Amino acid sequence: ISEVLNYLKKSFSLILVEFNTPYWEDNFEMNEVQRKEYINILSYLSSFNPTSLEIQPSSTIVNDVTNINDLEKFISTLQSKSCKRNIKKALSYMEDNSISFVVKESLNDNELTEAYSLFKEVASHGNFKGRPFEYYKSLQETLPSKVIWYLMMKDGHIILANLAVRDLNTKTSNDLYVGKKMELEEGAISYGLKYLSFKYLNENGYKYYDHWGIYLDPKSPKFGFSEFKLKFEGKIINFLPVFAYSKFVPSFFINFIIKVFSNVNF
């Protein structure tokens, strides 16, 4: 860690770093005392300063998918009646409307254009700024062995797209972006996509599905997205703070940058 960050310090005037909390370690637990100790160790290794700034949400929720291979068994573990009902509703809706679940490692230009239009639709509905088309194309090209797409398709067209990045070392799929046709909510297919993604990961040797960010404050304008993720009753993990290093950039400008990032579709 120290070697990499020292290299970055020589190359850039401003660096913001997020360290993931290692929930994938066996029997991982971290109380507040251990969390502070871990932060101190990272500060010492990097000589970066932990800040109160927030780029991503301060928490995430993680589902262990190792036992998700039977629908009824999985549903029986859930407390949320609406989640149970909507998973079954989604699977039935998919069957009745010839909607298929498809997993791809990359999309061609036409498929990526379709997925991008869905990302824009969700961003517009949630009233936050999305990323440009070039970002998603570059992500595929930069991380060809990491990117994975969970898709719902009808008549050869994408109607729901979920872009994730997988980590084979920790056997984790990290959710990044979701795009969908908003009028399809009546079929609750977002619930179906989550369940089928869990099932796919289970069948292919993965251990975790990281929903990649939740807001726990019901007053947050983005809590609606978090409420959906919380219904799957994974384990809530608190992220570590953002670590910052700056040669010349004043703190007020760093705060401005964070505010810009926080309005981008996470």
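General observations
- Around L118: net Lys/Arg minus Asp/Glu count, Cβ-Cβ under 9 Å: +1
- Evaluated at q = 0.19 Å⁻¹, a Debye calculation over the C-alpha positions of the range 29-187 (equal weights, vacuum) places log10 I(q)/I(0) at -1.37.
- Percent accessible area from carbon and sulfur atoms, the chain, protein chains only, probe 1.4 Å: 52 percent
- Summing charges over neighbours of G192, with a neighbour being any other residue whose Cβ is under 11 Å away from its Cβ, gives +3 when K and R count +1 and D and E count -1.
- Highest-fluctuation residue, Y44, Y23, Y93 considered, GNM on the chain with Cα pairs under 10 Å: Y44
- Where Rh is the Kirkwood radius over Cα pairs, Rg/Rh for the range 44-110: 1.17
- Cα long-axis angle, helix 2-11 against the chain (0 to 90 degrees, to the nearest 10): 80 degrees
- Cα extents for the range 1-83 along the principal axes, largest to smallest and rounded to whole angstrom: 55, 24, 23.
- Helix 251-262 and the long axis of the chain differ in direction by around 10°, with both axes built from C-alpha atoms.
- Only Cα pairs under 8 Å and 6+ residues apart enter the sum, and on that basis the relative contact order of the chain stands at 36 percent.
- In the chain, helical runs assigned H by DSSP with n ≥ 4 each contribute -39500 (n - 2.57); averaged across all residues and rounded to the nearest 500, the mean residue ellipticity at 222 nm is -13000 deg cm²/dmol.
- Within straight-line cross-link reach of K171, lysines at Cα separation under 21 Å, skipping those fewer than 8 residues along the same chain: K104, K146, K194, K199, K207, K229, K235
- Between 0 and 90°, nearest 10: helix 109-126 axis offset from the chain longest Cα axis: 80 degrees
- Heavy-atom accessible surface of the chain, averaged per residue, reaches 54 Å², computed with a 1.4 Å probe.
The values are calculated or read from the model by the stated rules, or taken from the named source; none is laboratory data. Quick caveat: nothing in here was measured; it's all calculated off a predicted structure. Glycine also receives a Cβ, built like all others from the backbone with ideal geometry; neighbour counts cover every protein chain displayed. To get the accessible areas, we keep the full protein, side chains included, count just its heavy atoms, and leave off ligands, DNA and RNA. Shrake-Rupley method; radii C 1.70, N 1.55, O 1.52, S 1.80 Å.
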